[in-house]
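Reading through the structure tokens given below for one structure.
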Amino acid sequence: MKSKDWLNRQKRDFYVKKAKKQGYLSRAAYKLIEIEKKFHLIIDSKKILEFGAAPGGWSQVVIEINPKTEITAIDILDLKINHPQINFYKDDFLNFDYGKKENYYDLILSDIAPNTTGHQSTDHLRIATMLFDIIELIDKVLIHNGSFITKIWKGSEEKEIIKKLKEKFKLVSYFKPDSSRKNSAEIFIIAKNFIK
Ligand SMILES: C[S@@+](CC[C@H](N)C(=O)[O-])C[C@H]1O[C@@H](n2cnc3c(N)ncnc32)[C@H](O)[C@@H]1O
């Protein structure tokens, strides 16, 4: 999408306006709110790892829902929120030292997204590559019975991703929040009960 078209769409968008009014750093915040309403995973999580956290809308939602949880947030861009519950690492997620966090997190969140080209299958392959790396990391850092929530853009690798997740988790579901644009290829995968 051209940047002028993107700006015009942002100006019109209901959730962009709502986010501004309610003080959320991203319209994506509403997607996580809807996910939590249905799956109730944040409320009981003590340690959360968040991939692709900037500007910080999801982190805000996590803190609101669970004032006791500790978040490790990773992004190559700056987080626009500073809070005692958030440990932020500004880096590529592949460079983080996961060795210190083995069997540590009970919930992993990923709203990570590569820069888009506008070419749907290319964009899908890029996000899928990131997800394959994240799925490898899960083995190391997620505790037994932990959960994983991730965004994906639909496409050819989706089946393989779901297959891998079904090998690792007892329950795997799809969810399309109302706040996710209808014409977007985006969908969320909710994987519960990690088998260690
Ligand atoms: C859709 S945004 C996340 C929005 C966030 N959930 C929120 O509510 O504010 C996707 C993020 O993924 C990040 N990202 C992309 N590639 C990354 C990488 N290799 N390592 C870490 N973060 C990355 C981008 O910088 C971007 O901030």
Task: Rounded to whole Hz, the Karplus (6.51, -1.76, 1.60) HN-Hα couplings of region 129-139, x for glycine and proline - done: 4, 4, 5, 4, 5, 5, 4, 5, 5, 3, 3
Task: Karplus 3J(HN,Hα) series, Hz, for region 167-178 with 6.51 cos²θ - 1.76 cosθ + 1.60 (x for Gly, Pro) - done: 6, 9, 10, 6, 10, 10, 10, 9, 8, 10, x, 4
Task: Rounded, prolate or oblate (a/c below 1.5 giving rounded, otherwise prolate when a/b exceeds b/c) for region 143-196 by Cα gyration tensor - done: oblate
Task: Gap separating the Cα centres of region 75-130 and region 30-68, nearest whole Å - done: 14
Open item on the list: Using a Debye calculation, one point per C-alpha and no hydration shell, please list log10 I(q)/I(0) for the chain at q = 0.11, 0.12, 0.13 Å⁻¹ in order.
Closed with: -0.47, -0.57, -0.68
Task: Point-to-point label distance, L125-K159, nm (Cα→Cβ direction, 7 Å offset) - done: 1.8
Task: 222 nm mean residue ellipticity, helices alone, for the chain (DSSP H n ≥ 4; -39,500 (n - 2.57); rounded to 500) - done: -11500 deg cm²/dmol
- [ ] Amide H neighbours of T116 under 5 Å, at least 5 residues apart or on other chains, H built in the peptide plane: list them.
- [x] none
Task: Filtered GluC sites (Glu not before Pro), region 65-136: DSSP coil and at most 16 other beta carbons within 10 Å - done: E102
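Bear in mind that the values in this text are calculations on the coordinates, not laboratory data. These numbers come from a predicted model, not from an experiment. With ideal geometry, Cβ positions are generated from the backbone for all residues, glycine too; neighbour counts draw on all protein chains shown.
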